[in-house]
Amino acid sequence: MSFKEFTIDNCCYILNNLRFPINSEQRFEMKGEYPYYGANGVQDYINKWKFDDDLILIAEDGGNFEQYSFKPIAYRVKGKCWVNNHAHVLKAKEDFSQGFIFYSLEHKNILFFIAGGTRSKLTQNELKKITLNIPLKNEAERIREILEATDEAIGHTESLIAKYQRIKTGLMQDLLTKGIDENGNIRSKETHKFVVRNGIEVPEEWEVFNLKDLGNIVTGFTPVVKQIDNYGDDYCFITPSDVTENQFIQTTARKLSHKGFELCRHLPENSVCVVCIGSTIGKIAMVKELSTSNQQINSLIPTDFHLSVYYYYSMMLYLGSQLRREAGLQAVPIVNKSSFSKMIIPVPKNKEESLRIINLINEVQQVFETYNKYLKKLHSLKAGLMQDLLSGKVRVKI
């Protein structure tokens, strides 16, 4: 039997009469263990509840309606909770699968039903008109089981990513402040001598350097945009928006031609770029291939490229407070080349120790990246399954 079209009003109870908003002052006096939900998720935890059920919440206003393809417009909650007046509350009627309805709504395009204005709104009357294609309950439940299994794998992988991020953060803190002794052990004050150099406490075996002592400091430049032949597809042109959480800059929104590139200061592979102006000051990444940047970025071109990754990790740990302190002295948050050159990071005197530190951090980073790649595959798998199973294009055996 094929899928049949139902409206939300046909297949769901709408329990909006039990919603009730509580302002932040009241919630402060009601702190507790039960989640308080709004348009897009948990807003707080309080000591009272109005629902104790398996429910679907979909934003009434302020939802991710326009970003539906990559952000959920609906989410599922179970157990004791409180819901405010910014989320509609749905529960499947007896002949329908709650899970199937949730997945049918999670990334659904409902823009046709959204009222415009300063804040997009899905009224209850329009909510009732939204249509879903639904099979018989047995098949719907089997589809729900498949998608839930995928969600469980996604959740498990996200937990592993968070775990290895914590491990990496802790390891970086230890290795970049204490280092590794000749026996391969992380130093401690109980077993090793630490000294203060340039205001930073470091192992006796380390020095503290200005960035200018570690290589050449370069400030970027923007070729004239009106001269269209300055731009093309030949060389990456790095701006702050291209510096993400990734270690390496993979690509850039704009690229330069050979002519435009020759007007700029060149950044060899493994140079370290730091955003030094604006609201994203302090973002750091490495250059993957011969590139250049605009004037919002200062870069370190290391004298010894074998230590580029060490400098990258150390700058991540030590530069943030220095940049914020220097930028705070300006009307516009900015750190110029001269000030940037004088910023400091600690470095082991023995190059081999720096390389061992890089290897240890990279081992954890590789695990972290492996799980991130797997997570992307799982999200892609789920998207494909939803497209096939929720449409009836691929049927499941009951």
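The values are calculated or read from the model by the stated rules, or taken from the named source; none is laboratory data. Just so it is clear, the structure is predicted and the values come from calculations on it, not from any experiment. Quick reminder, even Gly has a Cβ in these numbers, built from the backbone with ideal geometry, and neighbours come from all protein chains shown.
What to note about this one:
- Residues that are farther than 30 Å from ASP9 by Cβ, out of contact with any Cys (no Cβ under 6 Å at 6 or more places or on another chain) and assigned to a loop (DSSP other than H, G, I, E, B) do not occur anywhere in region 138-159.
To keep it simple, each residue is scored yes or no on (1) among the hydroxyl-bearing types (Ser, Thr, Tyr); (2) within 23 Å of CYS236 (Cβ to Cβ); (3) in the same structural domain as LYS168 (by TED's automatic domain parsing); (4) crowded, with 20+ Cβ neighbours inside 10 Å.
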{"position": "PHE305", "(1), (2), (3), (4)": "no, yes, no, no"}
{"position": "SER314", "(1), (2), (3), (4)": "yes, no, no, yes"}
{"position": "ARG325", "(1), (2), (3), (4)": "no, no, no, no"}
{"position": "LYS337", "(1), (2), (3), (4)": "no, yes, no, no"}
{"position": "TYR374", "(1), (2), (3), (4)": "yes, no, yes, no"}
{"position": "LEU378", "(1), (2), (3), (4)": "no, no, yes, no"}
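- Where a residue in region 256-267 is part of a loop (DSSP other than H, G, I, E, B) and its partner, wherever it lies, is surrounded by 18 or more Cβ atoms within 10 Å (Cβ to Cβ) and among the hydrophobic types (A, V, I, L, M, F, W, C), with Cβ under 6 Å and at least six apart: ARG265/VAL218
- Unique match (being surrounded by fewer than 16 Cβ atoms within 10 Å (Cβ to Cβ) and among the β-branched types (Val, Ile, Thr)) among THR157, THR123, THR150: THR123
- Whenever a residue of region 9-28 is without any contact (Cβ under 8 Å) to a residue 60 or more places away in the chain, its partners that are surrounded by 14 or more Cβ atoms within 10 Å (Cβ to Cβ) and in a strand (DSSP E or B), lying with C-beta atoms within less than 7 angstrom and at least six residues away or across chains, give the pairs ARG27/TYR36; ARG27/ASP44; ARG27/ILE46.
- Residues in region 185-218 that are within 30 Å of ILE297 (Cα to Cα) and acidic (Asp, Glu): 3 in all.
- Residue within region 250-257 that is within 20 Å of MET316 (Cβ to Cβ) and modelled with pLDDT under 95 present: yes
- Selection status of SER341, assigned by TED's automatic domain parsing to the domain that holds PHE248, buried (at least 19 other Cβ atoms within 10 Å of the Cβ) and small (Gly, Ala, Ser): no
- Selection count where residues are assigned to a helix (DSSP H, G or I) and under 16 Å from LEU57 (Cβ atoms), scope region 100-127: 8
- Considering residues of region 178-204 that are buried (at least 18 other Cβ atoms within 10 Å of the Cβ) and touching a Pro at 6+ places or on another chain (Cβ under 7 Å) only, the residue nearest to MET343 (Cα to Cα): VAL202
- Subset tally (residues that are closer than 22 Å to ASP9 by Cβ, in contact with a helix residue (DSSP H, G or I) (Cβ under 7 Å, 6 or more places away or on another chain) and free of Cβ contacts under 8 Å to residues at least 40 places away in the same chain) for region 44-58: 1
- Within region 329-383, the set of residues being assigned to a helix (DSSP H, G or I) and either touching a strand residue (DSSP E or B) at 6+ places or on another chain (Cβ under 9 Å) or of a type in the set (Gly, Ala, Ser) (or both) comprises LYS337, SER338, SER339, PHE340, SER341, GLU353, SER354, ARG356, ILE357, LEU360, SER380, ALA383.
- Breaking point among (1) surrounded by 14 or more Cβ atoms within 10 Å (Cβ to Cβ); (2) over 25 Å from ALA285 (Cβ atoms); (3) in the same structural domain as ASN359 (by TED's automatic domain parsing), for LYS259: (3)
- Checking each residue in region 1-28 for being assigned to a loop (DSSP other than H, G, I, E, B) and within 19 Å of CYS81 (Cα to Cα) picks out LEU15, ARG19, PHE20, PRO21, ILE22, ASN23.
- Count of region 171-198 residues, restricted to those that are more than 18 Å from TYR312 (Cβ to Cβ) and without any contact (Cβ under 8 Å) to a residue 60 or more places away in the chain, is 16.
- Test result for ILE58, buried (at least 20 other Cβ atoms within 10 Å of the Cβ), closer than 20 Å to LYS382 by Cβ and not basic (Lys, Arg): yes
- Region 61-89, subset touching a residue at least 60 places away in the same chain (Cβ under 8 Å) and either polar (S, T, N, Q) or farther than 25 Å from SER24 by Cα (or both), residue surrounded by the fewest Cβ atoms within 10 Å (Cβ to Cβ): ASN85
- SER104 being hydroxyl-bearing (Ser, Thr, Tyr), in contact with a helix residue (DSSP H, G or I) (Cβ under 8 Å, 6 or more places away or on another chain) and assigned by TED's automatic domain parsing to the domain that holds LYS50: no
- In region 216-249, the residue that is modelled with the lowest pLDDT out of those that are in a loop (DSSP other than H, G, I, E, B) and in contact with a Cys (Cβ under 9 Å, 6 or more places away or on another chain) is PRO223.
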